[in-house]
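Working notes, beginning with the structure itself.
The values are calculated or read from the model by the stated rules, or taken from the named source; none is laboratory data. The structure displayed is predicted, hence computed values, not measured ones. Cβ coordinates were reconstructed from backbone atoms using ideal geometry, including for glycine residues, and neighbour counts include every protein chain displayed.
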Amino acid sequence: MDGMQQFSSQVWDSSQSPASVNAEASAQEMAADKTRPRPHVLFLIDHLMALGGGETNLLKVVQLMPPELVRCSIGTFRITPEIRKNISVPVHVFPWKRVYHLDALKAAGALRKLIRDEHVDIVQTYFETSNLWGGLVAKLSGALLLSSRRDMGILRKSKHELAYRVVNRLSDRVLAVSEEVKRFCIDADHIDPGKISVVYNGVDLQHIATGPQANPFATAEWAAGASHIITCVANIRRVKGIDTLICTAQRVCREFPGAVFVVAGSLYELEYSRKMQEMIRSLGLEKNVKLLDFVGDPVPLLKMSNAFCLLSRSEGFCNALLEAMACGVPSVVTRVGGNPEAIQDGENGFMVPVEDDGAAAERLLFLLRNPERALQIGQNGRIAAQTRFSAETMIKKLISLYRDLLAERDNKR
């Protein structure tokens, strides 16, 4: 199978001229693609139990990937029925909990059988276990390995280091979500820069534009009494800096006592979540800080917000920030991970140092005091999201990457 012939180079590029020639070439390529076998990409992820950044990205990719060009499947070790029922592509579950256990061996055999029986061309892995355990099984089963790096190594333990050395050698390509993550891969993992491809997360602009007409948050009691709404979309985890956000809220509410800080995210780390709830009570912020738990679609919430604020201690590349930008909401975020690749400080958002609730409060207060300037900053963010971080751009780049991997494989045969 000729990898270069699996994809249409014209389907995704309408920038050439004249337009009539472009359209004719695209139509010819699309017709030719229908007669060629589609490459099969298996997305392997540790779990689909709650929708964080990586999980949301995977589901977005399989939803938006053109089925006439790419055949998609998902493999995971755990999944909730609620998430599974909303996935339109085949889902394969390989239940196991410990590497040194018979269940892991059985799961490896089942994954190997799936790759061979279903003619999987590329296995794209997400998170530690899928990168390491899944990557090894994928290579031993004859598939190409596209190993994802979505953070700055915050979930790694010492036992992972040796395993990553092996997997980094086995990987056909390493996929980084930002230039900063790429630099981490080069500096910490000593991966050849030529082996690393950067593909930014993408935001679904069509959904932003045509999202639900009715806003389920508009009638909430906290919304009715709010003078301003500052939204944070993040699961309640220490790395997301929710404690710093609460301290920021205390400062902002001294000047704007009617401001409400809304955190949309699952109580991911239960002990930390309990501490955050106690912190809110101890500071007397029960009316000003609301933990909403998981919100399936944060777009309506973002659209009614005066600002977005996420004070993470570490990030790879933040999906929630892109959604806020696409909604035209001015953002205040920490200078971590890929955030500086999305935000031009003072132009389309603000960046502040990690742990600095004073600086975060100062930037938020500026936005609340200057609504016209806040509107302009939000519009600049919307333009950046539309031109640089659309889901369409993400899908184009992934398809191009798949095409390159298949071409390299076929050239070696």
What are the pairs with Cβ atoms under 7 angstrom where one residue, in the range 264-284, is assigned by TED's automatic domain parsing to the domain that holds Val233 and the other, located anywhere, is surrounded by 15 or more Cβ atoms within 10 Å (Cβ to Cβ) and among the hydroxyl-bearing types (Ser, Thr, Tyr)? Sequence gap at least six, or different chains. Ala264/Thr231; Leu267/Ser273
Complete set of residues in the range 257-275 that are surrounded by fewer than 22 Cβ atoms within 10 Å (Cβ to Cβ), touching a strand residue (DSSP E or B) at 6+ places or on another chain (Cβ under 9 Å) and under 15 Å from Gly241 (Cβ atoms): Ser273
Could you list, in sequence order, the residues of the range 248-265 that are modelled with pLDDT of 95 or more and within 25 Å of the chain's Cα centre (by Cα)? Phe261, Val262, Val263, Ala264
Spot the failing condition for Arg373; the list is (1) part of a helix (DSSP H, G or I); (2) closer than 20 Å to Gly211 by Cβ, and only one is missed. (2)
Filter result (part of a helix (DSSP H, G or I) and crowded, with 17+ Cβ neighbours inside 10 Å) within the range 276-296: Met276, Ile280
Do we find that Met304 is under 24 Å from Leu51 (Cβ atoms) and not hydroxyl-bearing (Ser, Thr, Tyr) in this structure? yes
Mind checking whether some residue in the range 331-350 is of a type in the set (A, V, I, L, M), under 23 Å from the mean Cα position of the chain (by Cα) and in a helix (DSSP H, G or I)? yes
Helices (runs of 4 or more DSSP H) enclosed by the range 75-164 - at least 2 residues per element that are at pLDDT 95 or above and either outside the structural domain of Gly53 (by TED's automatic domain parsing) or over 27 Å from His190 (Cβ atoms) (or both): 102-117
Restricting attention to the range 351-370, the residues that are part of a loop (DSSP other than H, G, I, E, B) and closer than 25 Å to Met152 by Cβ number exactly 4
Could you go through the range 176-183 and let me know if any residue there is over 22 Å from the mean Cα position of the chain (by Cα) and crowded, with 16+ Cβ neighbours inside 10 Å. no
Would you pick out the residues in the range 177-227 that are closer than 26 Å to Asn339 by Cα, out of contact with any Cys (no Cβ under 6 Å at 6 or more places or on another chain) and part of a loop (DSSP other than H, G, I, E, B)? Val177, Ser178, His190, Asp192, Val199, Tyr200, Asn201, Gly202, Asp204, Gly211
